[in-house]
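The values are calculated or read from the model by the stated rules, or taken from the named source; none is laboratory data. Small disclaimer: the values here were computed from a predicted structure and weren't measured. Here Cβ is always computed from backbone atoms with ideal geometry, including for glycine, and neighbour counts include all displayed protein chains. These area figures cover heavy atoms from the full protein model, side chains too; ligands, DNA and RNA do not enter into them. Shrake-Rupley method; radii C 1.70, N 1.55, O 1.52, S 1.80 Å.
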Amino acid sequence: MAVLNDLKGFVKTPVALGTILRCHIVRNNKGMDRNIYPKYFLSLEESGSGSGKILLMTARKRKRSTTSNYLISVDPADLSRRGNSCVGKVRSNLLGTQFVIYDSGNSPKKFNFTSLGVDLWNYRHELGLVIYDSNVLGFRGPRKMKIVIPRMLNESERYECRPDVDEDTLIELNKRGSPNTLVEMRNKSPIWNMESQSYVLDFMGRVKQASVKNFQIIHEDKPDYVTLQFGRIDDDNFTMDIRFPLCPLQAFATALTSFDKKIACE
C-alpha cells in the first residue's frame, strides 16, 4: 500500500479534501509501569473496516519529565527521542491545560551556535496547540478544548511555524491573535441526554461508550464539518476520524492530550 512507502511523509501530510481517515487507537497500560507510562498504537482502518491492520504511529509517555511529555514514532520498536523513526512530540504545561505539538526537530534553545557544522535550520516545527479550559470550581461536565494550528497555504502546505524566539511560538501568536497565520477550532458542545444521564454527541456509530475523553472538533464557521472526532469503544480501544486540514500526526497528538490527566480540568 502507498502509505507504507513513505510513512513519515504520510503522517505529516494533511488529509486530502473530501476524504476521511478512519483510525483505531489501542492503549497498552499493562505491565510494571504502563499504568503510569502507557503506550498508544494508532492504526489506519483498511476500507473503514475497523480491522486496524496498518500501524501508522506509536506513542509513549516519557519518564523523568517535569511535565507530561509524549514521543511519537512510526516504528514501535524505536521509541528513542534521537531515533530515525521519531516524527513528533507533545509537551504540556504543569497543570496539563496546555499542550504544544512539535515535529521531530530540535529545540533552538539546545543549539550551540558557536559549534562548527551545526545545522542551524533544523529547528523543530510547531504543528499545533491544544488548550483545555480550567475547571477550578470542580463542576462536573464535559471538557472544553481549543485547537490552534498553522493556517494552510494550499491543500498540501501549511504556514511554517518554526520559532527561534519565544515571541514567535504558537502560544504567543495565539495570545496576540494571528488570524492570518493561525486557524482556531473548538470541540463541539455535547447535549445532555436524560435517558443515559450523560452528555452525548452523534459519533455516527463510531463510539460505543460515554467518556470525558470523547470529543469532536469543529470550526465555528462550519459547525457541521467535523475535522476530528475521537471516542471510546471499550477500556483500551478508541476510534479517531480525521479530515482536512489536519494531518495524522496532529490528530494523534491531539488524542494523546485527551488521555492525559489534567489537574485543573477534572
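Ranked from largest to smallest solvent-accessible area, with a 1.4 Å probe on the protein heavy atoms, 4, 246, 55 come out as 4, 55, 246.
Give the shape of region 137-204 as rounded, prolate or oblate, defined through the alpha-carbon gyration tensor: a ≥ b ≥ c are the square roots of its eigenvalues, a/c under 1.5 means rounded, and otherwise the shape is prolate if a/b is larger than b/c and oblate if not. Judged from the Cα gyration tensor, region 137-204 comes out oblate (a/c at least 1.5, b/c at or above a/b). Within the accessible area of the chain, the carbon and sulfur atoms contribute 50%, probe 1.4 Å, all protein chains present.
Solvent-accessible area per residue in region 143-266 equals 51 Å², computed with a 1.4 angstrom probe and all protein chains kept. Accessible surface of residue 201, taken over heavy atoms with a 1.4 Å probe and every protein chain present, rounds to 40 Å². In summary, the lysines within cross-link reach of residue 63, defined as a Cα separation below 19 angstrom excluding same-chain residues under 8 places away, comprise 30, 39, 89, 261, 262. Packing, as the average of other Cβ atoms within 10 Å across residues, places the peptides 154-161, 219-226 in the order 154-161, 219-226, highest first. At the residue level, residue 194 shows approximately 140 square angstrom of accessible surface with a 1.4 angstrom probe and all protein chains present.
For residue 188, give me every one of the lysines with a C-alpha distance below 19 angstrom, ignoring sequence neighbours fewer than eight places off in its own chain. Excluding near neighbours in sequence, the set is 144, 146, 208, 213, 222. Taking the charge dipole of the chain about its Cα centre, with +1 at Lys and Arg Cβ atoms and -1 at Asp and Glu Cβ atoms, the residue from 247, 56, 17 reaching farthest to the positive side is 56. Simple spin-label estimate for residue 106 and residue 122 gives 0.5 nm between the two label positions (7 Å along the Cα-to-Cβ direction from each Cα).
A probe of 1.4 angstrom, applied to the heavy atoms of all protein chains, finds residue 8 with accessible area near 80 square angstrom. Placing +1 on the Cβ of every Lys and Arg and -1 on the Cβ of every Asp and Glu, with no other charges, gives the chain a dipole of roughly 900 debye about its Cα centre.
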